[in-house]
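The values are calculated or read from the model by the stated rules, or taken from the named source; none is laboratory data. As the structure is a prediction and not an experimental result, all values here were calculated from the model. Backbone-built Cβ (ideal geometry, glycine too); neighbour counts: all protein chains shown. Accessible surface areas use protein heavy atoms only, side chains included; no ligands, DNA or RNA. Shrake-Rupley method; radii C 1.70, N 1.55, O 1.52, S 1.80 Å.
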Amino acid sequence: MTGGYKQQPGGSKKELRKDGKRVAGKQRFAPPGSGGSKPVMSKRDVDFIPETIGGKESQPAGAHIHDRARTGTAVGKRTPLVDANAKVTGQAWYGDDVRLQGEIIGRIVRSPHHYAKVKSIDTSKAEALPGVLAVATGEDAPNPFGVLPVTKDEHAMAVEKVRHVGDLVACVAAVDEATAREAAALIEVDYEVLDSIHDIKKGLEDVDEPIHWRGKYHVGTTNLQKRVFQEFGDRSLVNNPRAMHNGKWKFKGVNHGFTEPHAVVAHWDPNGRLQLYTPQQVPHYAHRALATVLEIPMHQINVIRTFVGGGFGGKSDPFPHEMCAAILSRKTGRPVRITFDREEVFWVNRGRHPSLIEVEMYADDDGRISGFDIDALIDGGGFASFGHVTSYYNGVLATAPYELGSFHYTGARVWTNKPASGAMRGHGAVNTRCAVEVGLDDMAEQMQVDPIDLRLANLLPPHSRTISGFRITSNGMRQALHRVREGSDWDNKFRKLPLGKGIGVGCGFFISGSGLPIHWDPNKFPHATVHIQVDMDGGVTVHSGAAEIGQGSTTAIAQVVAEVLALPIEMIHVRSHESDTSPVDLGSYSSRVTFMNANAAIRAALEIKDKLLEAAWEVLGYHPNALVLNDRRIYYKHDPSISMSYLEALHKAQEDKGSLIASGAYRSPPMGGVHKGAAAGLAPAYSFSAYVAEVDVDVETGLIKCTNVWAAHDCGKALNPLAVEGQIIGSCHMGLGQVLSEQMVYGRTGHLQNPNLLDYKIPSIHEMPHVTPIIIESCDPEGPFGAKEAGEGPLLPILPAVVNAVYDAIGIRINDLPLTPDKVWAAIAKKMKLEGIEDATGLPTPRLDFSALQAKLVTRSEQHELRDNRRQRSEDTDAYVNGVLFGFDPNIPLEDQVDGWKMSTKPTPEQLAELGLAGSIWLKKEQREMEGDN
Amino acid sequence: MVGEQHIAMVPTGPSSIWKASVNGQLKEVLAPSNSILLDVLRDKVGTLGVKRGCDMGTCGCCTVMIDGIPRLSCLTLAAEVAGKDITTVEGLADGAHLAPIQQCFGDHGGSQCGFCTPGFLITAQALLNNNPNPTNEQVECAIEGNLCRCTGYQQIVESIQAAAAIHRGESELKQPASDPHPDPHPLGPDDPTMPPGHAR
Amino acid sequence: MLMPPFELYLPVSITAACEKAAELLAGGFEFDWIAGGTDLIPNYKWHINSKPHVISLANIDGLDSISMTEVGCMARLHDISESTEAHPLVASAAGKVASSLIRRNATIGGNLCLDTRCFWFNQSEEWRSSIDWCHKCDCGTGADCRVIPNQNDLCVATYQGDLAPALMVLDATVHLIGPNGPRKMPLVDFYRLDGMTKNVLEKGEFLLKVTFSADVSQMVGSYQKLRVRESWDFPEAGVAAAWVKGDRETLKVATTALESIPRRHDEQVEQAEGDIKQLAQLIFKAVKPVNNTSLPPRYRRNMIKVLVKRACSE
Ligand SMILES: Cc1cc2nc3c(=O)[nH]c(=O)nc-3n(C[C@H](O)[C@H](O)[C@H](O)COP(=O)(O)OP(=O)(O)OC[C@H]3O[C@@H](n4cnc5c(N)ncnc54)[C@H](O)[C@@H]3O)c2cc1C
Ligand code: SF4
Ligand code: FES
Ligand code: FES
């Protein structure tokens, strides 16, 4: 929104009306030039040009391969979102804002039962109601679908069974909303109610009627959807620990709580093509699922992504209501609009899994982390959704940023009769991360060392491999910890604040794009593709399928193209709404968009740049290597008076060809191990973050108020610092909700008691602490201009930071989120009783006397810092794998060095006896194995 | 599912003409007497900038200004505000000129997904109309009824304070700058003003 | 969500309102009053006991007075909270209700006549059908109470209005008016311990205004509200206390959000004889919250001690 291309009347701010507004219509329009007519080179913004190519932008983390593509135009500048004007004027069109001629209204009939067989559906009364145009039931679309190809277990509407209250049974379309609602109420369904399951632990038991049946892969007759066993490292290292932590955690389910409820408009157009308007984060998967369910080829469907009023993972599955709208539209031949009530948003859910997590952690005499044991039982609700992946993420995303002696994970995801859980910001990593970071805090306390120093002395360096084989590239973890320590004045506060005031630290680690796409056929299909088209007008049209959901992806793509071509960002027009025009993109999940799409966009832009410079070569006579781009002009490097305008070069390049077209694609490099599940959690880069939070606890009521957060996040390179800070602060808000007040409350009858925004308590502005966002730039070698993700990772550390701060304030650890005042109060009351304290204001607070280990850790972390700096700048390129800290040689496979070094994905018979809650499912056999028994 | 006392949605109640000035234009629509203002604005008047986030008073996305007062249109009967002056987000800008509050929300990151933005803008504008010099606490109290899931509010408060500074005349609204160095040959080679053989 | 069909009337005078009410009653039609609508409209959207006729008080002039001794039923909570005329305790309690935006609509009359709340009940029609309804809105099924089952005649839904306790400790009088003429009573006598009937309003009657005796300006006190979020949330427990400045003998304490009615605890105050800790304990014994709001009843009940202490000390 800066700079010149606003063709709006105005410009003279002098002429003002009495009410202070400008007089409209009297001013000239600004000339819509393409600029670049100056004979001499205009001043370049050298602050935004890297040192390596002669600018002033400092590069503490070293150079980057994209440096040569930098022109100082857009990257690194605080850039307002390119679609901000549409949003602030109310012109942005979200799902329910699509109003087509002749539209009718669809309404969904939902199950009132937790679990039941649908015996029959009588639609006659509804059909008889004047104004009702169509009714559809599961029979109209029997094909199953699901976001993951391995777990297609959803239907447009119940085919045989309903699996939770609110599950779809039928749908109606009528001339108006009142009629549609009435018709929905008139549909009579005959159910045979089945025994429902609500307790997550019950999901592990054999039952008569499992919620889904997986055939020969079904484990016993339980409700297990997915189980994972992973073990790496040397288990014997955990013997004789100096410190040991055991934490049994309960996490309630949380919902994304985006402000825009789901809405969809389906229009079977006169050409027989389906135009589907939907606020989707992942339009491509919806596209695939629609084709499957409607039994039409994909090219007969155009998925139009509307503006998305917040996604956070909750708009990334293909949804049954999208199918319903399409089916109703096919039946009636008219556009059908379905908009959800807030309650229905909770019925589709896909929020964070309710989980029971147990962690056991060990540290040895040197303060090294000798083992992590994680056992996670997660509640998937009625459907698989992303659950297959979540089951892995709950474990594997805890394998960094620390160097571990051994890692042991058992995970199980079960079906219960609740709305399905799925992917939500920080997918799968949030809960275990919280448990692990709190565990570290506890171990630090046991060893009487500073928890920040404990972390600093155990970090994996840049360019290393985790215990499970993830390839870490850039790594700004250490710097992040340093910065929050400084910013928060940690050393003067930690364990020194009075009762009721506390400070705590937490770290995070998250994937920046998933290494394997979910749909990997055809085999070498790129993760992201971007097309660029430049015609004689000079405007650059960028076609991308990246789904802008408010995170600023469109802006990021526009920025990188503007950067490469040295054009004002207003000249870049990103078109990303329609599947007809945009290349396939896998969507906005797993924090992949900036990393992958911006990389693809850079590639395409470089191709355009090459074409322009070729043309300039012909005209100016100098080789492209000697030409530079700057603000709509191309110059001869050594004599800027020799130059031509961008437009002239463009027209030259267009000779005999027409518009310039380029396509760029991104596919992540091959990486990772070969064990089962090795692909889960693999990413081309990882983000790191460290937060320090300060809290006030009212010891009489148990109310917690988070007052300050210092939030350092390593996003590689902040393409748009404004947006990165927005993501960090927004993540704090969302994470704070989960740690303090948000929960999906299932009552004693298993009903969701709070499907509304009054009782589902998203923090208001008064609950927000002051957040100091700190951006760490570790310059990822493979990221676009060094960038990594910033959308999900920043959420992780806030939970443990707050829980640890609460401990610092009142000396009590509570392992049951959210920390609602009643729980905190109950814990305080219990402690008072135990210790015979009368008045809550007399509670003892934890204090810290350093042990001898502290100095050792500090020395170690200082040495590691030198090591890390060298590695980050590629001065040290030796191999580094997890295990070096324990004295192993990184160049010999660890299995060959250490007898006990394991890499296994199945428990041994001896291990079966000692597995945790989720792990106990390995005692059961799959159906195919049972058949073998007989 | 219906019990004996199920409240039938059809036929709807009696309808009558609803009149009000919406963004300075007189609107007349036929609306049933039980109509909620939000429904009338979205479905009948067509100001789709007014958003429905919860329909229950808990998100503020539906905020509109009624005679200068920010009110939740989802909790307001249309009939009660007939004849009044209603301003929705569409009415904030003066033609193509963004109001300071709109410009600042863009510039300072006050809007991410943008769904809550119309509500925030109206609430904030109403605040600034009465008090162009609010403290941060006053801003916070004013927007406590608006829910934002994306921004964590911080950049929203910054945006509002930046707009307040413009209202107080302390800083200027960013103008649509005309091209710093306009191209003299916008039509390219076909441009009659293009010097022949230029740079060849 | 769509409102169920009803016919709305907008009388412009008190008399016209009473006449309309009388007319509807005579015809055997059920109706509701609507003031700011912030309680009624959500309930209607969820099809909770909606009526085919609704009379709005919004267009009647002169009902929104705000002064130290009188507050009209249509005075908006926002205006009360910002007012320098109203008693500071009333203003501060009003300022703690819901959110700033809701307070623009919400009225004091609606707040006092607020429907009781329960998480088995404040749900959509579809939701309630999934639990087979409950006693308070059984849709003709004769359903039981979900909170205290096996008793079919009492609803224990919680009264969660913020203003009532504050007004009670200031000795407010409520003035009612209806087809049978006006009447008045102390606010403490206005409520009925039943989640369904709630208060003593007769069919066709509405609450006209709240008045205070002239010496109310001598009283000081505070209202303590327990809530998770400082915006939107209803009180999970609320305690108001007031006394004539300098004279703790005159202490009055009232609670809200702990039972089906707000309640003033005169007996307990008398018994405690000025010992606040004792008083807190007595009130703790006197009220028994049930499990139908966000936070568990045990906690809410225990918080009485803290809230009483804080309310009496400020
Ligand atoms: C999200 C949300 C949060 C809320 N939080 C709170 C809170 O924290 N604390 C709180 O106290 N309230 C809260 N409320 C409830 C409500 O906003 C207030 O209680 C408000 O004061 C009700 O006033 P009203 O004028 O809007 O009532 P209305 O909705 O108009 O009426 C409420 C009831 O009272 C009756 N009524 C109204 N006026 C009269 C009258 N003069 N005579 C007789 N009967 C009458 C109506 O028939 C109706 O049954 C909240 C509401 C919402 C939607
Ligand atoms: S208390 Fe019982 S009867 Fe009353 S609303 Fe709640 S469940 Fe229904
Ligand atoms: S839609 Fe009105 S407050 Fe949410
Ligand atoms: S910007 Fe998305 S909800 Fe506020």
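Determine how large the accessible area of B:M56 is when every protein chain is in place; take a 1.4 Å probe and give Å² rounded to the nearest 10.
Taking all protein chains as shown, B:M56 has close to 30 Å².
If you plug each phi of region A:213-229 into the Karplus form 6.51 cos²θ - 1.76 cosθ + 1.60 with θ = phi - 60°, what whole-Hz ³J(HN,Hα) values come out, in order, with x for Gly and Pro?
Coupling constants for region A:213-229: 10, 9, x, 5, 8, 5, 8, x, 10, 7, 9, 6, 9, 7, 10, 9, 10 Hz.
Kirkwood Rh over alpha-carbon pairs of region B:100-167, then Stokes-Einstein at 10 °C and 1.306 mPa s: what D in µm² s⁻¹, rounded to an integer?
140 µm²/s
Across bins of 5 angstrom width beginning at 0, how are the C-alpha pair distances of region A:528-666 distributed, in whole percent?
Here the calculated profile for region A:528-666 is 2, 12, 21, 22, 17, 12, 8, 5, 2, 0.
Sort the following peptides by mean Cβ neighbour count (other Cβ atoms within 10 Å, averaged over residues), highest first: A:723-735, A:753-765.
Highest mean packing first, the order is A:723-735, A:753-765.
In whole angstrom, how far apart do the alpha carbon centroids of region B:98-141 and region A:887-934 sit?
Centre-to-centre distance over Cα atoms comes out at 57 Å.
Label points 7 Å out from Cα along the Cβ direction at A:V150 and A:A626: separation in nm?
Taking the two extended label points, one gets 5.7 nm.
Going from most exposed to least, what order do A:T221, C:T211 have by accessible area with a 1.4 Å probe?
Correct descending sequence by accessible area is A:T221, C:T211.
Given 37 °C and 0.692 mPa s, how large is the Stokes-Einstein diffusion coefficient of region C:61-200 in µm²/s, with Rh as the Kirkwood radius over Cα pairs?
In µm²/s, the coefficient rounds to 197.
By how many nm would the segment from A:L923 to A:D610 lengthen if fully extended, with 0.36 nm per residue of separation less the alpha-carbon distance?
Gain in length upon complete extension: 106.6 nm.
Roughly speaking, what is the centre-to-centre gap between region A:688-739 and region C:148-215 when only Cα atoms are used, to the nearest Å?
Value for the Cα centre distance between the two parts: 45 Å.
At a probe radius of 1.4 Å, what is the per-residue accessible area of A:T555, in Å² to the nearest 10?
That residue has around 0 Å² of solvent-accessible surface.
Run the Debye formula on the Cα coordinates of the protein assembly as shown, all scatterers equal and no solvent, and tell me log10 I(q)/I(0) at q = 0.09 1/Å.
Reported log10 I(q)/I(0), two decimals: -1.32.
Is the C-alpha gyration tensor of region C:178-314 telling us rounded, prolate or oblate? Criteria: a/c under 1.5 is rounded; beyond that, a/b larger than b/c is prolate, otherwise oblate.
It is oblate, given that a/c is not under 1.5 and a/b is not larger than b/c.
How well do other chains shield peptide C:76-82, expressed as the mean number of their Cβ atoms within 10 Å of each residue Cβ?
Taking all residues of C:76-82 together, the mean is 1.
Can you sort A:D698, A:D849, C:D171 by solvent-accessible area, 1.4 Å probe, largest first?
The ordering from most to least exposed comes out as A:D849, C:D171, A:D698.
Hey, got the average number of other protein chain Cβ atoms within 10 angstrom for residues in A:549-562?
Mean number of neighbouring Cβ atoms from other chains: 1.
Between B:E172 and A:K56, take the C-beta separation as r, use R0 = 35 Å, and let me know the FRET efficiency to the nearest 0.05.
0.80
Just to make sure I understand: if all protein chains stay in place, what is the order of A:Y217, C:Y9 by accessible area at 1.4 Å, largest first?
Putting A:Y217, C:Y9 in descending order of accessible area: A:Y217, C:Y9.
Please report the projected area of region B:52-131's Cα convex hull averaged over all directions, in nm².
Approximately 5.7 nm², given one-decimal rounding.
At a temperature of 25 °C and a viscosity of 0.890 mPa s, determine how fast region C:26-117 diffuses translationally according to Stokes-Einstein, using the Kirkwood radius over alpha-carbon pairs as Rh; express D in µm²/s, rounded to the nearest whole number.
177 µm²/s
One quarter of the convex hull surface, Cα atoms only: what value does that give for region A:438-569 in nm²?
13.7 nm²
A:M298 to A:L848: extension gain in nm, 0.36 nm per residue of separation minus the Cα-Cα distance?
So the chain would gain 191.7 nm between A:M298 and A:L848.
For region A:221-353, give the magnitude of the charge dipole about the Cα centre (Cβ charges: +1 Lys/Arg, -1 Asp/Glu; no others), in debye to the nearest 20.
340 debye
Per-residue counts of other Cβ atoms within 10 Å, averaged by peptide: what ranking do you get for C:293-300, A:835-842, A:377-384, highest first?
A:377-384, C:293-300, A:835-842
Rounded to whole Å, give me the distance from the Cα center of region A:299-315 to that of region A:217-254.
36 Å
Which order do the peptides B:27-33, A:257-263 take when ranked by the mean count of other beta-carbon atoms within 10 Å per residue, highest first?
A:257-263, B:27-33
Report, in listed order, any pair from A:K202/A:K250; A:K87/A:K609; A:K226/A:K823; A:K119/C:K136; C:K203/C:K252 with a Cα-Cα distance greater than 22 Å.
As for pairs spanning more than 22 Å Cα to Cα, those are A:K87/A:K609; A:K226/A:K823; A:K119/C:K136; C:K203/C:K252.
Rounded to the nearest 0.05, what FRET efficiency do C:T197 and C:V12 give with R0 = 35 Å and r taken as the Cβ-Cβ distance? Could you check?
0.70
Obtain the radius of gyration and the Kirkwood radius of region B:15-91 from its C-alpha atoms and give Rg over Rh.
So for region B:15-91, dividing Rg by the Kirkwood Rh gives 0.91.
What residues of region C:155-198 lie in the reach of a label at C:D247, counting those whose backbone N is under 15 Å from a point 7 Å from the Cα along Cα→Cβ?
C:170-171
Enumerate the whole-percent occupancy of each 10 Å bin, from 0 to the last occupied one, for all C-alpha pair distances of chain C.
Result returned by the calculation: 6, 27, 35, 23, 8, 1.
In nm, to one decimal, how far is the modelled label at C:Q218 from the one at A:E188, with both set 7 Å along Cα→Cβ?
Distance between the two pseudo-spin positions: 7.0 nm.
Taking every pair of alpha-carbon atoms in region B:18-159, give the share separated by more than 28 Å as a whole percent.
Roughly 14 percent, rounded to a whole number.
To the nearest whole number, what is the average tally of beta carbon atoms from other chains within 10 Å of the beta carbons of peptide A:637-645?
Mean shielding count: 1.
Suppose R0 equals 35 Å. What FRET efficiency, 1/(1 + (r/R0)^6) with r the Cβ-Cβ distance, do A:S124 and A:R99 give to the nearest 0.05?
That gives a FRET efficiency of 0.65.
Give the Kirkwood hydrodynamic radius (Å, one decimal) of region B:7-47, defined as one over the mean of 1/r across all pairs of different Cα atoms.
Taking every pair of different Cα atoms in region B:7-47, averaging 1/r and inverting gives 10.9 Å.
Note down the nm distance, to one decimal, between modelled labels 7 Å out along Cα→Cβ at A:E618 and at B:D85.
In this crude spin-label approximation the distance works out to 6.2 nm.
Quick check on my link table: of A:K331/B:K51; A:K161/A:K248; C:K198/C:K288, which ones sit more than 23 Å apart, alpha carbon to alpha carbon?
A:K331/B:K51; A:K161/A:K248
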